Every structure is written in C-alpha cells, then in structure tokens.
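> Can you keep this structure in mind? I'll have questions shortly.
No value in this document is a laboratory result; all are computed from the given coordinates. What you are looking at is a predicted structure, and each value in this text was computed from that prediction instead of being measured. Glycine also receives a Cβ, built like all others from the backbone with ideal geometry; neighbour counts cover every protein chain displayed.
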Amino acid sequence: MSGTENEVWTLAEVRDKEIHPVSKELLAWGKKLSDSMDAPLASILMGHGVSSRAEELIHAGADKVYIIDSQSLENFRCDIQVNLLEDLIRRFCPSILIASATTQGRTVMPMLSARIGCGLTADCTELSVDPVSQKLIQTRPAIGGNVMADIKTRGHNPQMCTVRPKSKKILPPDTSRRGELITVSPPADLFASALTYLGFKPETSVGLPIQEAEIIISGGKGMKNAKNFAKLEELAGLIGGTVGASRMAVDLGWAPYSAQVGLSGKSVTPVVYMAFGISGAVQHIAGMSGAETIIAVNHDPEAPIFRVADLSIQGDAMEILDGLIDSLKKRP
C-alpha cells in the first residue's frame, strides 16, 4: 500500500489518441464524491501516445493522473486493460472506481469485478456518499425502470460502478489547476492478450453514436417495414439527430444492433427522444426514460410509452413522420 486508500478513481477513455469527453464527465461525477470524502480525485489514463494529453484531465478536475503509455495499448483490448487495472488497484488500493457505461466500460468493468472480487453497480443515474459509513450510495433504475434502487457495495474496496454517458455536465476547464502526473510502468507480462486486433469498422448510420446523441429519432414495429424505417434517417439528418430502434425493429433487420435502445441494448439520456411506432415495453422504457423530453407517436391510445411521454401524439406514425419531414423541408 502507498497511502492512497481513500482516493476516488475514474477510468478515462481514449479514441484516436484523444481523450474522449466521457472521461471529463466522469471527473464531474468524481469531484462531487471526492469533495464530500475530503479525498483526492484521480483519473486512470491508458493508451499509446497519450501522456501529452494528461494535463487535460487535471484541468477537468483531477488531482492526479495515473498514466500507462504503451504501444500495446494503441488499440482497445479488454483483457489487457483488466490486467493493468487489477495491478493498479492492488498497488494503490483506491476507495472508489467509476467508469462510463460505454462499450468499453461495460466490457472492462464486469471482467475486472470478477477478477478482483468486488461488487459492481451498472448504469447508475446518481452517486453520493453516506456521511456516516463513507460508503458509496449508487442509484439506478430497477424492476424495468419502475423504481430507483439505492445500492451499497459489500466487501472490500474499491466500490465500483458505471454511470450513463451524457448524464453529467463537464466541469468548466481550469487551465490554472495543477496536479500530479504519475507514470506507471507495469510488468511486461500484463500486456499479453488472448485477443487479436483485426480492425475497426466505423458506424455508417446518420448522426453521432447513439449514447452520445442529444436528439434520438427511434422507430419500432409500427414503422411497418425497412423502407419506412429509412425515413427516420431522413428526419434525423434534417434536425441533427441519431436514429434509434426498439428491439423488435432490430430483430426484424430494419436497424443494426448498435441502434437498439433498452435493457438489452443501450441506455440513452438525450435532450429529446422521439419514438415513432414504439408501444413502450418496460425494457425499452428503462433504456430511454432518462431523456429530458420524450415525444411519442402511436396509433394506440393505451400504448405504455404514453405514460412516460412529455408529448403524446395519437395517430399513424408514417403519416405524422411524412408531414413532419415535409414541413421541415419547406423551412428556409
């Protein structure tokens, strides 16, 4: 141990040697916790050629940045990251570790939890610290999103959780902040991987990745066929949105799995969520109920999605979608 047992850690993410915005969102989450615990806030930065970016995390709120910079980390391989995180945890014994509920976070954190025998709470929407026990209180939707559960992790530290992307605003950058940059050199055998990197194929759909989008235009079985589903992309292009889908639409082959919203897909927290022809199964609602504004279009007046919608429109999804597209095209 090295006297760091009370630290709050966040797991930074790197894309193309750039620090991904979710890394700074995590520091906003961590800052609230570290202030209430009177503890240092640290970020873990792993990648190739990333050392020069570490100061960005200090400016975003970190007191320390643990840096592992290696060519072996040029491409994401989950087993290497788990090896390195396990080594860091056993060396420095942090109190809390927070990651984002992105593809990377959802891959690495369950493996790490199993490896070190610590609990993990996924998709948290709120975090706080019990003032008496100093235990992390993790709040997340449960029972299909019908209740919010407060969870405390049993056993030894670190207490680990993931939080939904876009659920916390990044702190204003402070370029005057100074912090500690700690370069860590793990044993070479920790960089061994059972995985072979084949390549990266970017998404070709309209808009940002669904978990990063502020406007999501989703469709379900009520869109009737794949040709009609393509009109959602037309609307998304007109208003700067990203296309989402229900599980049924994905199962029918109208949209890729990466667009699926719900418990078996992705949890999203956009500013606006528009649902066309989606009835609103509890699994779907659990994945999008955190949206600031929900607009639902469905022919069935009893559709469950109307119960969570801020604006409910009863009618044929295609007629309303066509009318909306035409109106937008006529605008100057």
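> If the limit is 25 Å between Cα atoms, which of K31/K152; K31/K135; K201/K330; K24/K135; K168/K231; K168/K224 go over it?
Violating the 25 Å limit, Cα to Cα: K201/K330; K168/K231; K168/K224.
> At 222 nm, what helix-only mean residue ellipticity would the chain give, in deg cm²/dmol to the nearest 500, using -39500 (n - 2.57) for each DSSP H run of four or more?
Value at 222 nm, helices only, nearest 500: -8500 deg cm²/dmol.
> Taking the Cβ of S51 as the center, what net charge do the other residues with Cβ under 12 Å away carry, scoring Lys and Arg +1 and Asp and Glu -1?
Net charge around S51: -1.
> Another question, then. Given that just one value was derived from the coordinates, which of (1) 1.01; (2) 0.96; (3) 1.16 is Rg/Rh (Cα atoms, Kirkwood Rh)?
After the calculation, the listed value that fits is (1).
> Run through every distinct alpha carbon pair of the stretch 1-136 and return the Kirkwood hydrodynamic radius in angstroms, one decimal place.
15.0 Å
> Can you tell which of S34, A309, N75 lies farthest toward the positive end of the dipole of the chain, using +1 and -1 charges on the Cβ of basic and acidic side chains (Lys, Arg; Asp, Glu)?
A309
> While we're on this one: If we sort 324-330, 9-15 on the protection proxy, mean other Cβ atoms within 10 Å, highest first, what's the order?
Order by mean packing, descending: 9-15, 324-330.
> Over the chain, what is the relative contact order in whole percent, taking alpha-carbon pairs under 8 Å and six or more residues apart?
This gives 14 percent for the chain.
> May I ask for the net charge around P186, where only other residues with Cβ less than 12 Å from the Cβ of P186 are counted and Lys, Arg are +1 while Asp, Glu are -1?
Net charge in that neighbourhood comes out at -2.
> Please work out the C-alpha center-to-center distance from the stretch 62-91 to the stretch 171-237 and express it in whole Å.
Going from one Cα centre to the other spans 20 Å.
> Hand me the chymotrypsin sites (Phe, Trp or Tyr not before Pro) from the stretch 246-332 located in a DSSP loop with no more than 16 other Cβ atoms within 10 Å, in residue order please.
Loop-located and lightly packed - none at all.
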